[in-house]
1. Got a number for residues in the range 109-139 being polar (S, T, N, Q) and in contact with a Cys (Cβ under 8 Å, 6 or more places away or on another chain)?
2. Need pairs with beta-carbon distance below 6 Å; first residue farther than 25 Å from Leu93 by Cα and within the range 127-143, second open to solvent by less than 20 Å² (accessible area, probe 1.4 Å) and at pLDDT below 90; sequence gap 6+ or separate chains.
3. Hey, can you tell me all the residues within the range 89-114 that are over 18 Å from the mean Cα position of the chain (by Cα) and more than 20 Å from Trp65 (Cβ to Cβ)?
4. Restricting the search to the range 135-147, which residues are open to solvent by 20 Å² or more (accessible area, probe 1.4 Å) and of a type in the set (Gly, Ala, Ser)?
5. If you scan the range 120-130, which residues turn out to be part of a strand (DSSP E or B) and open to solvent by 20 Å² or more (accessible area, probe 1.4 Å)?
6. Report, ordered by the first and then the second residue, all pairs with beta carbons closer than 7 Å, sequence separation of six or more or different chains, a first member in the range 88-109 that is closer than 13 Å to Leu158 by Cα, and a second member that is modelled with pLDDT under 95 and assigned to a helix (DSSP H, G or I).
7. Test each condition in (1) more than 22 Å from Gly36 (Cα to Cα); (2) without any contact (Cβ under 8 Å) to a residue 12 or more places away in the chain for Gln154 and report the one that comes out false.
Amino acid sequence: LTLGRKLAASRSFVRSDEEVLEMAASPNPKSITESGIDFRKGSYQEHVGTGWHALEADSEGGYRWMASKAKAYLRPLASEGCEFSMEGYIPPLVRYGASKLHLTIRIGVESRAFTLREGVFSVKWALQDLQPNSVQKIDLASDHCIQRTSDNRQLAVLVRRLGFKPTPIGGLRKALLDLQDTPSGRSAPSLGGRSKRVLFISAFAPIPNTH
């Protein structure tokens, strides 16, 4: 029913097969509640769009393969000082027929390209001025897929985790703003029910006269 409504609303436009598939796979914004995806904890089916293969697991935990293009949907909690990170694994590059692999990440109107080499990888990207509590579409694109394999799937990057988190600067600014929003009539917590006065008395002993 949801897909029918989406297609009915767009009958006046000519859309490509890829756009139609994206519309069908895009989740309901109300179901997007997480700022990050960790496939070691589950499939996060409601947060992924097109381009993802089924959840698998190894000794390190859960993961998903992405095809040459994949989409994810997340809801960052911070508006400034927000960092996007992604972790995963790249098999030996000889299986790609390439000496290196480029991963392009697009979030909103910003994009960043990363060069990945074989083995475990972790990339980070500092973002500014993301609207807090808004759904963000993450477009992932790889310029190479595995060629030497008996698997007939299109396999580009093994992904274990991706998502947003506030940076220390962003968290500090939020803490300062929270302090500024504290009502003026509220004082610091008291250490006790009674106020006490402390009297400091200094005593000086006379120095013996040696003369």
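The values are calculated or read from the model by the stated rules, or taken from the named source; none is laboratory data. Owing to the predicted nature of the structure, the values given are computational and were not obtained by experimental measurement. Don't worry about glycine lacking a Cβ; one is built from the backbone with ideal geometry, like all the others, and counts go over all protein chains shown. SASA here: full protein model, heavy atoms, side chains in, ligands and nucleic acids out. Shrake-Rupley method; radii C 1.70, N 1.55, O 1.52, S 1.80 Å.
1. 1
2. The qualifying pairs are Leu127/Cys82; Leu130/Cys82.
3. Ser99
4. Ala141
5. The answer is Val120, Ser122, Lys124, Ala126.
6. If the second residue must be modelled with pLDDT under 95 and assigned to a helix (DSSP H, G or I), no pairs are left.
7. (2)
Residue by residue, here is whether (1) under 20 Å from Val48 (Cβ atoms); (2) part of a loop (DSSP other than H, G, I, E, B) holds:
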site: Tyr89; (1), (2): yes, no
site: Ile105; (1), (2): yes, no
site: Thr115; (1), (2): no, no
site: Ser134; (1), (2): yes, yes
site: Ile138; (1), (2): yes, no
site: Gln154; (1), (2): yes, yes
